[in-house]
């Protein structure tokens, strides 16, 4: 892991840009050491997502957590995937036409999960070597299929807050039944780009004994601010 930049934010949070091989990422720490780590998932495009990510990271830091994120494969400044771009365009076309999307969701999401999850695990390896960071770790955000796979395969993640705002291949529902860590799931009821019933079915499939669903009215980007506070309380219960 190579640190590429350092910035002290006005609330005292230290923001460090880093690269892990060719993968860019950002780490935020608050001086509380050693601090539990929350991995911040997002749909891709670190520069585009930065305002939302830094706000989430500052909320984590205020509660004594470290937070980190990395760029997704095929997003931001990373090499584009022609297959993913084609699948994304096909998904938009089929949704607009009211056509079935299961096959194209598989083409778009499964390769992304297969590539992104090992990268997140390698990032966790690197960050947990830092003296200011300690386990256990949590995962917060989307793409929900990535969080689902991490919850199954990564034993160092003790709790997950998942944003039910992206499609999940139906083949991954069997994996969902293997999830046992505590879950806090956010669903925007009027999310124009999501399948509400699929999200509800996925929540039902999760095998966790402790799982909570918060559904709020509004579109994809309308998650209420108080859900950040609810998420931090959830992580405080399970990471301390």
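Here, each number is a calculation from the coordinates, and none is a lab measurement. What you see is a predicted model, and the numbers here were worked out from it, not measured in a lab. Quick reminder, even Gly has a Cβ in these numbers, built from the backbone with ideal geometry, and neighbours come from all protein chains shown.
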Based on C-alpha coordinates, I'd like the Rg and Dmax of the chain, in Å. 17.1, 53
Gaussian network model of the chain, springs between alpha carbon atoms under 10 Å - residue of 67, 33, 140 with greatest fluctuation: 33
Highest-MSF residue in the chain out of 69, 221, 29 [GNM, Cα springs under 10 Å]: 221
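For the chain, what is the mean residue ellipticity at 222 nm derived from helices alone (per DSSP H run of n ≥ 4: -39500 (n - 2.57); sum divided by total residues; nearest 500 deg cm²/dmol)?
Numbers: 7 runs with 97 residues, N = 240.
Using -39500 (n - 2.57) per qualifying helix, the result is -13000 deg cm²/dmol.
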So, relative contact order of the chain in percent, Cα under 8 Å, 6 or more apart, is 16
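What's the extension gain from residue 156 to residue 238 if we count 0.36 nm per residue and subtract their Cα-Cα distance?
Values: separation 82, 0.36 × 82 = 29.52 nm, distance 1.22 nm.
Value of the extension gain: 28.3 nm.
Counting other beta carbons within 10 Å of each Cβ, put 217, 1 in order, fewest first. Numbers along the way, then the final one.
Values: 217 9, 1 17.
Fewest-to-most ranking of 217, 1: 217, 1.
Expressed in whole Å with the largest first, what are the equivalent ellipsoid semi-axes of segment 13-151 derived from the C-alpha gyration tensor as the square root of 5 times each eigenvalue? Intermediate results must be reported in sequence, preceding the final value.
Details: eigenvalues 184, 40, 37 Å².
Semi-axes from the Cα gyration tensor: 30, 14, 14 Å.
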Note the full-extension length gain between residue 227 and residue 173 as 0.36 nm times their separation in residues minus their Cα-Cα distance, in nm to one decimal. 16.9 nm
Which residue fluctuates most in the GNM of the chain (Cα springs below 10 Å): 108, 39, 200? 200
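With a cut-off of 8 Å between alpha carbons and a minimum separation of six or more residues, what is the relative contact order of segment 85-210 in percent? Please report the intermediate quantities before stating the final value.
On the way: 168 pairs, mean separation 25.1, N = 126.
Rounded, it is 20 percent for segment 85-210.
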